[in-house]
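Chemist: Submitted below is the structure of interest, expressed as structure tokens.
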Amino acid sequence: MSMKLSTRQVDGVTIVDCSGRITLGEGSITLRDTVRDLLSKGNKKIILNLAEVNYIDSSGIGELVSAFTTTKNQGGELKLLHLTKKVHDLLQITKLYTVFDVKEDETAAVKAFK
Amino acid sequence: MHFRIGLNLHVRIRASIEQGLDEAEHAIRVWSWNGGGLLIAGFHRQVERRPAFGVREIDIRSVIHQIERQIVVAVLHGNQYAPDKKVILAFERTPDGLVITIRDQGKGIDLSGIPNPLAPENLLKTSGRGIFLMRSFMDEVEIRPSKTGTEVKLIKHVHGSSVGNKEGSQ
């Protein structure tokens with residue numbers, strides 16, 4: 001299943017609901033384009049909801065990192081929401097779990113933006 | 001550039017592991033260009049049916065993901081999309097486990113140029129985690145680069161019996 005993304009606004013925060021797989025050449029490009037599009041339109045508070053993401057490979061992780069740093073470099077903030085166990089484990093073994101701001105509750109995630 | 005693994009390929013890989021389709025080589029060819037994207041087709045040929053590999057106890061899905069990932073890397077980085085070059089995929093059940101070999105026909109890779117993705121200075125890099133993750137999910141990974149291509153051997157240990165044993169083939 002390739003990746004599908006949809007965006008919604010909650011209290012000035014853009015939530016990107018992701019589903020499917022973020023892998024080399026598939027979801028990774030879709031994710032990159034979506035985040036860049038959001039930033040270009042001034043949406044700099046972004047939450048990636050990964051609840052329905054069943055697989056991420058190393059390129060997908062690279063895209064998460066890219067989305068995180070691109071957003072930060074443009075004065076924005078990007079948080080991750082609802083990690084599945086597999087994605088959680090991936091971020092743990094790559095030592096990225098503490099780099100990202102990971103949230104488990106959407107309301108709390110939205111409120112956490114400055 | 002978009003790159004897709006066809007469902008057919010996923011199904012064939014799963015079948016090869018679960019049903020024990022083995023022997024000789026399964027050649028995966030670049031199938032077509034599609035709107036700037038590349039679609040790779042499934043196996044050229046499917047050889048004789050063998051007893052199952054007996055790998056129910058391992059996480060087949062994660063093994064398939066690693067195989068798919070390496071096939072994409074082989075076509076993209078190894079063969080560099082050359083439509084006349086193939087990626088060869090072979091399965092072998094040894095007494096210790098399942099051995100998957102993926103070979104491309106590229107120019108080989110320089111393993112010394114791959115940095116440690118866990119080093120603090122590399123944590124925010126957007127690439128360089130592929131081999132590390134492959135080693136995390138598989139029990140053994142052997143990479144043999146050469147000027148005529150790179151061979152990657154993925155090994156997943158399977159406790160229990162091997163090909164031909166009733167228990168292992170259930």
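Chemist: For region A:25-114, run through the GluC sites (Glu not before Pro) and keep only the ones in DSSP coil with at most 12 other Cβ atoms within 10 Å of their Cβ.
Modeler: Answer in residue order: A:Glu104.
Chemist: A further question on this structure: How big a patch of accessible area, both sides summed and in Å² to the nearest 100, lies buried between B and A at a 1.4 Å probe?
Modeler: Chain pair B/A: roughly 1900 Å² of buried accessible area.
Chemist: Figure the gain on full extension for A:Ser40 and A:Thr69 (residue separation times 0.36 nm, minus the Cα-Cα span) and round it to one decimal in nm.
Modeler: Stretched out fully, the A:Ser40 to A:Thr69 stretch lengthens by 9.0 nm.
Chemist: To the nearest 0.05, how large is the calculated FRET efficiency for B:Ser146 and B:Asp96 if R₀ is 30 Å and r is the Cβ-Cβ distance?
Modeler: Efficiency computed from Cβ-Cβ geometry: 0.70.
Chemist: Decide, for region B:62-158, between rounded, prolate and oblate: order the square roots of the alpha carbon gyration tensor eigenvalues as a ≥ b ≥ c, take rounded if a/c falls under 1.5, and otherwise choose prolate if a/b is larger than b/c, else oblate.
Modeler: oblate
Chemist: Between the DSSP loop rule and a limit of at most 15 other Cβ atoms within 10 Å, which trypsin sites (Lys or Arg not before Pro) in region A:1-55 are left?
Modeler: Here the sparse-neighbourhood loop sites are A:Lys41.
Chemist: Shifting gears a bit: Taking R0 as 41 Å, what FRET efficiency do you get between B:Lys107 and A:Ile93 from their Cβ-Cβ distance, rounded to the nearest 0.05?
Modeler: So the FRET efficiency works out to roughly 0.85.
Chemist: Please tell me which of these pairs span more than 29 angstrom C-alpha to C-alpha: A:Lys44/A:Lys95; A:Lys4/A:Lys103; A:Lys41/A:Lys111; A:Lys95/B:Lys86; B:Lys107/B:Lys156?
Modeler: Checking Cα-Cα distances, A:Lys95/B:Lys86 exceed 29 Å.
Chemist: Pull out a ≥ b ≥ c, the square roots of the eigenvalues of the alpha-carbon gyration tensor of region A:47-88, then state rounded if a/c is under 1.5, prolate if not and a/b is larger than b/c, and oblate in the remaining case.
Modeler: Since a/c reaches 1.5 but b/c is at least a/b, the shape of region A:47-88 is classed as oblate.
Chemist: Might you tell me the accessible area per residue for region A:1-105, computed with a 1.4 Å probe and given in Å²?
Modeler: Solvent-accessible surface per residue comes out at 43 Å².
Chemist: Tell me, what is the 1.4 Å probe accessible area of B:Thr148, in Å² to the nearest 10?
Modeler: So the heavy atoms of B:Thr148 present about 110 Å² to solvent.
Chemist: To continue, here is another question. Averaged over its residues, how many other protein chain Cβ atoms are within 10 Å of peptide A:50-62's Cβ atoms?
Modeler: Mean inter-chain Cβ contacts per residue within 10 Å come to 4.
Chemist: Separate question: Under the rule of at least 5 residues apart or a separate chain, name every residue whose amide H is placed under 5 Å from the amide H of A:Leu24.
Modeler: Excluding prolines and chain starts, which carry no amide H, the hits are A:Asp57, A:Ser59, A:Gly60.
Chemist: Still on this structure, please answer the following. Given axes a ≥ b ≥ c from the Cα gyration tensor, I'd like to know whether chain A is rounded (a/c under 1.5), prolate (a/b larger than b/c) or oblate.
Modeler: Rounded.
The values are calculated or read from the model by the stated rules, or taken from the named source; none is laboratory data. This is a predicted model, so every value here is computed, not measured. Here the Cβ is made from the backbone with ideal geometry for all residues, glycine too, and neighbour counts use every protein chain on show. Ligands, DNA and RNA are excluded from the accessible area calculation, which covers all protein heavy atoms including side chains. Shrake-Rupley method; radii C 1.70, N 1.55, O 1.52, S 1.80 Å.
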